[in-house]
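Scroll down for the structure; my scribbles are underneath it.
The values are calculated or read from the model by the stated rules, or taken from the named source; none is laboratory data. Predicted, not measured: the structure shown is a model, and the values here were computed from it. Backbone-built Cβ (ideal geometry, glycine too); neighbour counts: all protein chains shown.
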Amino acid sequence: MFRTVIRWHKIFSSENDAAQLPLNRAEIRYIAGRKMCLIRTHAGVFAIEERCPHNGFSLLHGRCTEDGEAIVCPLHRYAFDLKTGRSRSGAGGAAITFPVKIEDDGVFVGVEEREWGWGKSKSE
Ligand code: FES
């Protein structure tokens, strides 16, 4: 039986290193085969799939909202919540987001993977 696991990928060795990310701008990273935008705002560090769910435009040049919790796609200007991926207007679909956690030994992005095994889905 397949189960879903979240594998955590280290993206920075410390929270201070995450400050290398430009404030309120996206930077593209490939993590576990996924192309995503890493974004640092005053609300935190976020990871969201690079393609807009509405029509596939790149979110790389999207701008962050003033509250630092959403990114606005440059093409049709739908805003997507950086934590949940939900569209703020309800239109344009939902973006795929990835959890980010800050630990003593680094900053990690979680990517869901399917693996063969028994038992409940888990986080590794
Ligand atoms: S392609 Fe992003 S809002 Fe339309």
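Is it the case, given these coordinates, that G117 is crowded, with 17+ Cβ neighbours inside 10 Å, under 25 Å from T4 (Cα atoms), small (G, A, S) and in contact (Cβ under 8 Å) with a residue 60 or more places away in the chain? In short, no. With respect to the conditions (1) modelled with pLDDT of 95 or more; (2) more than 21 Å from S14 (Cβ to Cβ); (3) of a type outside the set (S, T, Y), W116 lacks only one, and its number is (1).
Across the range 23-80, which residue is farthest from K101 (Cα to Cα) among those that are crowded, with 16+ Cβ neighbours inside 10 Å and among the hydroxyl-bearing types (S, T, Y)? Selected residue: Y78. Filter the range 57-67 for residues that are within 13 Å of the ligand (Cβ to nearest atom) and assigned to a loop (DSSP other than H, G, I, E, B); which is farthest from F108 (Cα to Cα)? Filtering the range 57-67 for residues that are within 13 Å of the ligand (Cβ to nearest atom) and assigned to a loop (DSSP other than H, G, I, E, B), the one farthest from F108 (Cα to Cα) comes out as F57.
Cβ separations smaller than 6 Å between residues 6+ apart or across chains give the following pairs from the range 101-112 residues that are on the phi < 0 side of the Ramachandran plot and in a strand (DSSP E or B) to residues that are surrounded by 12 or more Cβ atoms within 10 Å (Cβ to Cβ) and of a type in the set (D, E): I102/E15. Listed conditions (1) of a type in the set (D, E, K, R); (2) away from the ligand (no atom under 16 Å from the Cβ); (3) farther than 14 Å from I11 by Cα are all met by R77, apart from (2).
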